[in-house]
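What follows is one structure encoded as structure tokens, with my remarks underneath.
The values are calculated or read from the model by the stated rules, or taken from the named source; none is laboratory data. All of these numbers come straight from a predicted model, not from anything done at the bench. A quick note on method: Cβ atoms are made from the backbone with ideal geometry, for glycine too, and the neighbour counts reach across all protein chains shown. Just so you know, the surface numbers come from the protein's heavy atoms only, side chains and all, with ligands and any DNA or RNA stripped out. Shrake-Rupley method; radii C 1.70, N 1.55, O 1.52, S 1.80 Å.
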Amino acid sequence: MDTKNFEERMKKTIAVLEEEFSTIRVGRANPRVLDRLMVNYYGSDVPVSQVGNITVPEARLLQIAPWESNMLKEIEKAIQASDIGINPTNDGKVIRLVFPELTEERRKDLAKDIKKKGEDSKVSIRNIRREAMDAFAKSQKKSEITEDDLKQLEKEIQNLTDKYIAELDKKVEAKNKEIMTV
């Protein structure tokens, strides 16, 4: 019995948090904010990145050039229905998204959201630790591992938990710093 699969799950928790952080808007254009945006393409939902070219011509401007002009309205509808909070402008060829400067209030809201996502991830890591401890205790009851092995495994999983929670704290702090920088 070892801690490898539990450590993998902890790493995945951090990867998921990083993915969520990458979609949070920070006042400058980032194509990743469109990652979760799905567009109706001939009856099926596909990511907007698969129906057009997304570019960042300026620091606070995203430009979407669909490969088919009939997709302009669909992309525009998807953006308006999303939680991005930006109104698209359509010139008949491309869609432009102008990212406004974030207000102090909006920055604080985003910081709270970031902190909540961080806390949720910590809970996930602690749940993984609890599952590991339970699995180790069951193995010890079945006499698959000794009591000394149990103590060693519990110590290892606690060290992993501490390591990944510290890593989460750093990521939350870095994202908050990025949000609060004007």
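Some observations on this one:
- Test: residue in segment 143-152 that is under 16 Å from Leu17 (Cα atoms) and among the β-branched types (Val, Ile, Thr): no
- Residue check: Val39 meets all listed conditions (1) open to solvent by less than 20 Å² (accessible area, probe 1.4 Å); (2) out of contact with any strand residue (DSSP E or B) (no Cβ under 7 Å at 6 or more places or on another chain) but one, namely (2).
- Only one of Gln152, Gln158 that is touching a residue at least 12 places away in the same chain (Cβ under 8 Å) and at negative phi: Gln158
- Selection from segment 62-97 of residues that are closer than 16 Å to Val51 by Cα, of a type in the set (Asp, Glu) and exposed (fewer than 14 other Cβ atoms within 10 Å of the Cβ): Glu68
- The set of residues from segment 98-111 being exposed (fewer than 11 other Cβ atoms within 10 Å of the Cβ) and either of a type in the set (Val, Ile, Thr) or within 20 Å of the chain's Cα centre (by Cα) (or both) comprises just one member, Thr103.
- Contact map, segment 7-25: residues that are farther than 18 Å from Glu156 by Cβ and polar (S, T, N, Q) paired with residues that are open to solvent by 50 Å² or more (accessible area, probe 1.4 Å) and at pLDDT below 95, Cβ distance under 8 Å, separation 6+ or inter-chain. Pairs shown: Ser22/Asn30; Ser22/Arg32; Ser22/Asp35; Thr23/Arg32; Thr23/Asp35; Thr23/Arg36.
- Any hit, segment 5-15, residues being of a type in the set (Gly, Ala, Ser) and at pLDDT below 85: no
- Qualifying residues in segment 16-36 (those that are surrounded by fewer than 18 Cβ atoms within 10 Å (Cβ to Cβ) and over 17 Å from Ser82 (Cα atoms)) - the one modelled with the lowest pLDDT: Arg28
- Residues located in segment 101-131, provided they are of a type outside the set (D, E, K, R) and free of Cβ contacts under 8 Å to residues at least 24 places away in the same chain: Thr103, Val123, Asn127
- Where Arg130 falls short, out of the listed (1) within 19 Å of the chain's Cα centre (by Cα); (2) surrounded by fewer than 13 Cβ atoms within 10 Å (Cβ to Cβ): (1)
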